Every structure is written in C-alpha cells, then in structure tokens.
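The values are calculated or read from the model by the stated rules, or taken from the named source; none is laboratory data. Values in this document were obtained by computation on a predicted structure and should not be read as measured data. Quick reminder, even Gly has a Cβ in these numbers, built from the backbone with ideal geometry, and neighbours come from all protein chains shown.
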Amino acid sequence: MEERTTVIAESELRAQQEICQTIKEYWQSRGRTPTAFVDTYGCQQNEADSERIRGMLDACGYAMTDTEEGADCIVLNTCAIREHAEQRVFGNVGALVHTKRRHPEQKIFLCGCMMGQDHVVDKIRHSYPHVDGVFNPHQMWRFPELLYNVLKNKKRVFAVEHSAGNIAEGLPVVRQNGLKAWVSIMYGCNNFCSYCIVPYVRGRERSRQPEEILEEVKGLLAQGYKDITLLGQNVNSYGKDLGLGIDFADLMAQIAELPGDFWLRFMTSHPKDATKKLFDVMASHDKIAKQFHLPFQSGNDRVLKVMNRHYDSKQYLSLVDYGRSVMPDLTLTSDVIVGFPGETEEEFEDTIKLIERVRYDALFTFIYSPRKGTPAAEMPDPATKADKNRRFDRLVETQNRISQEIHGAYVGKTMRVLVDGKEDNLLTARTEGGRLVRFEGPDTFLGQFTHVKIVDHTTWSLVGQLPE
Ligand code: 5AD
Ligand code: SF4
C-alpha cells in the first residue's frame, strides 16, 4: 500500500470532464437522452459519494430515474460495514440479470466500500458477468473514463487498485434535497477498531483544505440550504494531517460565523479525539445544532480495549458530563455493538448500565458481524446467536423506554423546527436535535424555520401544533 495521500491534479480532473462531454455527444448522436439510476446503501458518506456520481452522470448527459427498469446506466453504491448489508447488495445485483435481459444495452456499475475488498471483487468478476464495471472508493473520480470504456469497447472494467487515499476537489454534484446538505470535510480512517472494515476500504485519514470547505458551504447557503452536516469517519481528527494549526473546533467556529440562518451539524466523532474545546465552541455558537453523535460501542472496559477504542467508560462518561454541563439541552445519540467476540453476560450488563446512565435520545444498535480481514473476525466467539439476539432485544427495549420518556418530556414545550416535507397531509420537520415532528400547517412553511408547540409523542416522533 502506498503511504502518501494525493490530491488529484486539476489536469486529470479536466480530462475526466472532457470525457463527460464525449459521452454527451455519443448520446446526442444517437438522438436521445440516456437515463441513470443510482442506488445507495449504507452511511451518509456513501450518500455524499452518490451525489458526486449523479453529478458526473449529469455532466455526461444522463437524466436521473428512480427505477432500475430500463435505465441506461445503473450504479449500486455499496456498503461493507455488516454482512447483512453485503447480502442485500449481492441479492439485488443478482436480480439485475433479469432487468438487463429486458434492456441488453444497460450498463451496470458497482462501487463503494464492498468494492474495496479483493474477495468481493473476485466474486463479482467470476460469478456476476452481467456487471460491466467496478470501482473502489479511491477510483470514484475516474467514473467518466470507466463509463466511456464500457460504452465504447463493450468490455468490463475493474478499477480496484488499493491506495492510501486521495482527494478529488471540484467534482460535479447533484444533490437531491434542496434544504439539507452533507459536506465531506475529510475521508478515510486511521483508527482500526478491531471489528471495522472501513480503514481497509477507505484508506488513511485525509482532510480537505479549510478554504475549499468554506467555499462549498458558502455556495450551499447562497442556494438556500439551511441544514449543513459536516461529514467524516472521525471528524475530531480533522486537520491533523494538514499542519495548518486548524482543528475541527476551529473549522466549526469559522463555518458557524458565516452569515445566514442555518443549522450546522457533524458526524461522526470518536470519543478518544472529542475535545472540551469542541463542546465549548458548540455551546457558544447559536448556529451549531446542540446535537452530538458520540459512538460508545460498549460499556465494558475490557471489551473497549479489545475493540481498540482507546478510551474507557469513565473517560467517555466524563466527556458526556462536560458536554451537558455547557449545553444542558444537548441531544445525544450513539452507536453500540452487542455480541462482540468474547463479550460475556456481565460485560453486556455494563453496556445496559451505561445506556441507563447517559439516557441517549436515540441509539443505533448493531449485532456484531465478522468482517473478513479484521482482527476481531479471528477472535474466539463462544456466545450463541440466540444469546446475542437476546442481548440485542434487551438493548432495544431499554432504549425504546428511554426514548419514550425523553419524548414525553418534550410535551408542552415550544420548539424551533425546520420544515422539510409533507406526509399524509401533515408537515414533517426536524428539531435542532434531529427529532422528527409532524404537524398541521400550510405548505408555505415548507423549507422554513418555524416554532411549534409539542402536544403529543410516540417512540419515534413528536406531534406538534402551530401556536395560536
Ligand atoms: N459489526 C457490527 N457493527 C459494526 N459497526 C462497524 N463495524 C461493525 C461490525 N463489524 C457499527 C459501529 C459503527 C457503526 C457505523 O457501525 O457501531 O459505529
Ligand atoms: Fe470504523 Fe472505528 Fe474508523 Fe469508526 S473510528 S470508521 S468504527 S475504524
């Protein structure tokens, strides 16, 4: 593996743009507008990548469609985080044989984290001959060239070389939502948590230049975006590789000082790198949403050590306490894994205790899934599937009760919300902490901030009313 992170040269990106133009002309000469379907699995980072893939397709003259049936180009942007995600992808790729039979000119591409694993690429190469192209996250910026090769040479392409990672600035973007935008501030991960595949498929941590990020956010605000989420696998280590003396808290402060009415958020954070300075910056800027996603993964110190997390439950709790001391209304969410190899019943109880102590607003709960090539996949794992399922159910029950109680406490309060859609004649909106609120109101509220009084709640959402 090469050690250095590279910024893709402008001349190389320009060459890709020229290929987009050639593809556009190819379709113009055939007298029709081609269609493309991009399907995204997994996390927001993948969603953000898909916005770039749509951007490149748009530059090649493709119109987006929301079904694979009849699309001239299909791109599946895959996720490798758990086995279940991979199985879904394999199932859906298998089904595309039939779609392609009905539309033989169709070109099928697979990309994303699964394509960063050699054994997956081999399987696609040998068992899924209807797939025309494969590229891993490091090669995404070359998509126009790959598409052109497939269209012109009618041969399969595999762009799957491993690298420490790169940064491609200025790729075209097509965002699907005009209100909320994700902005990647860094890519990759250096942490190598023992269960996680991400560092193997997304390469080393690399930060974008602060001025590139600021320009992108300014552009989004000028277009009317009101909810901006800064993205990275571990945003807290932003800037460490740049040597500019700017850390994540500084970047947040700079963005929060931009003019305009908007909420600024971020994800994801690693507790070992979250600083008091960041909490202080959050507390002192109104535009920074008082929401923190701080994955703890396990409440047991032995398990945390074997997970290679570099903090213990005491350090984690002291961070949470500090955050709440400077922001009493802080919304806290987290990720947790049950059934990590060797986790005992008593160790699992520590996870329940931590949840009861912190009382998260919401939790993303996962059953451990072995990932080939990670250290945890080689560890003895004596707990049965039934044991793990039982722990999982207990975890979900505990959290649901807490979420209900927290939601109940909102009733009677008036909250500021951003109205983002309409479902079944009710407006849908999000609070600053990201809670879903439904209420009756005129369509003129769509895309606007407003205040609603919370009058009822369910486990998952709040019911609001416009003030009299
Ligand atoms: N098994 C189960 N959950 C996992 N996660 C990451 N890798 C695995 C795995 N192998 C979870 C972690 C992480 C979230 C994005 O996915 O909780 O924070
Ligand atoms: Fe995976 Fe850990 Fe990196 Fe998150 S911090 S992406 S869990 S290795």
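Inspect all residues belonging to segment 155-167 and state whether any of them is closer than 27 Å to K290 by Cα, surrounded by fewer than 17 Cβ atoms within 10 Å (Cβ to Cβ) and free of Cβ contacts under 8 Å to residues at least 24 places away in the same chain.
The initial filter retains those residues of segment 155-167 that are closer than 27 Å to K290 by Cα, namely none.
No, segment 155-167 has no match at all.
Please work out which one of (1) touching a Phe, Trp or Tyr at 6+ places or on another chain (Cβ under 8 Å); (2) within 30 Å of Q254 (Cβ to Cβ); (3) of a type in the set (S, T, N, Q); (4) away from ligand 1 (no atom under 14 Å from the Cβ) is the condition T333 fails and give its number.
(4)
Tell me whether segment 356-373 contains one or more residues that are surrounded by 19 or more Cβ atoms within 10 Å (Cβ to Cβ), assigned to a helix (DSSP H, G or I) and within 16 Å of ligand 1 (Cβ to nearest atom).
Checking segment 356-373: at least one residue is surrounded by 19 or more Cβ atoms within 10 Å (Cβ to Cβ), assigned to a helix (DSSP H, G or I) and within 16 Å of ligand 1 (Cβ to nearest atom).
For segment 213-224, check the following and say yes or no: at least one residue is within 16 Å of ligand 2 (Cβ to nearest atom), on the phi < 0 side of the Ramachandran plot and of a type outside the set (S, T, N, Q).
Taking every residue of segment 213-224 in turn, none turns out to be within 16 Å of ligand 2 (Cβ to nearest atom), on the phi < 0 side of the Ramachandran plot and of a type outside the set (S, T, N, Q).
Restricting to segment 268-295, give me the number of residues that are over 18 Å from L258 (Cβ atoms) and either of a type in the set (G, A, S) or within 11 Å of ligand 2 (Cβ to nearest atom) (or both).
Going through segment 268-295 one residue at a time, the tally reaches 9.
Out of all the residues in segment 170-192, which are among the β-branched types (V, I, T) and within 16 Å of ligand 2 (Cβ to nearest atom)? Break it down stepwise before answering.
Looking only at segment 170-192, we keep the residues that are among the β-branched types (V, I, T), and these are 173-174, 183, 185.
The one that is among the β-branched types (V, I, T) and within 16 Å of ligand 2 (Cβ to nearest atom): I185.
What number of residues in segment 270-315 are within 16 Å of ligand 1 (Cβ to nearest atom) and at pLDDT below 95?
So the count comes out to 2.
Out of P137, P172, which single residue is in contact with a Gly (Cβ under 8 Å, 6 or more places away or on another chain), within 16 Å of ligand 1 (Cβ to nearest atom) and not hydroxyl-bearing (S, T, Y)?
From the options P137, P172, the qualifying one is P137.
Which members of segment 286-307 meet the condition of being assigned to a loop (DSSP other than H, G, I, E, B) and surrounded by 15 or more Cβ atoms within 10 Å (Cβ to Cβ)? Walk me through how you get there before you give the answer.
Residues of segment 286-307 assigned to a loop (DSSP other than H, G, I, E, B): 286-287, 289-290, 294-296, 298-300, 307.
Answer for segment 286-307, where residues must be assigned to a loop (DSSP other than H, G, I, E, B) and surrounded by 15 or more Cβ atoms within 10 Å (Cβ to Cβ): K287, A289, K290, L294, P295, F296, S298, G299, N300, M307.
Looking at G203, G165, which one is within 16 Å of ligand 2 (Cβ to nearest atom), closer than 30 Å to E343 by Cα and of a type in the set (G, A, S)? Break it down into steps so the answer makes sense when it comes.
Details: G165 fails: closer than 30 Å to E343 by Cα.
Step by step, each of G203, G165 is checked, and only G203 is within 16 Å of ligand 2 (Cβ to nearest atom), closer than 30 Å to E343 by Cα and of a type in the set (G, A, S).
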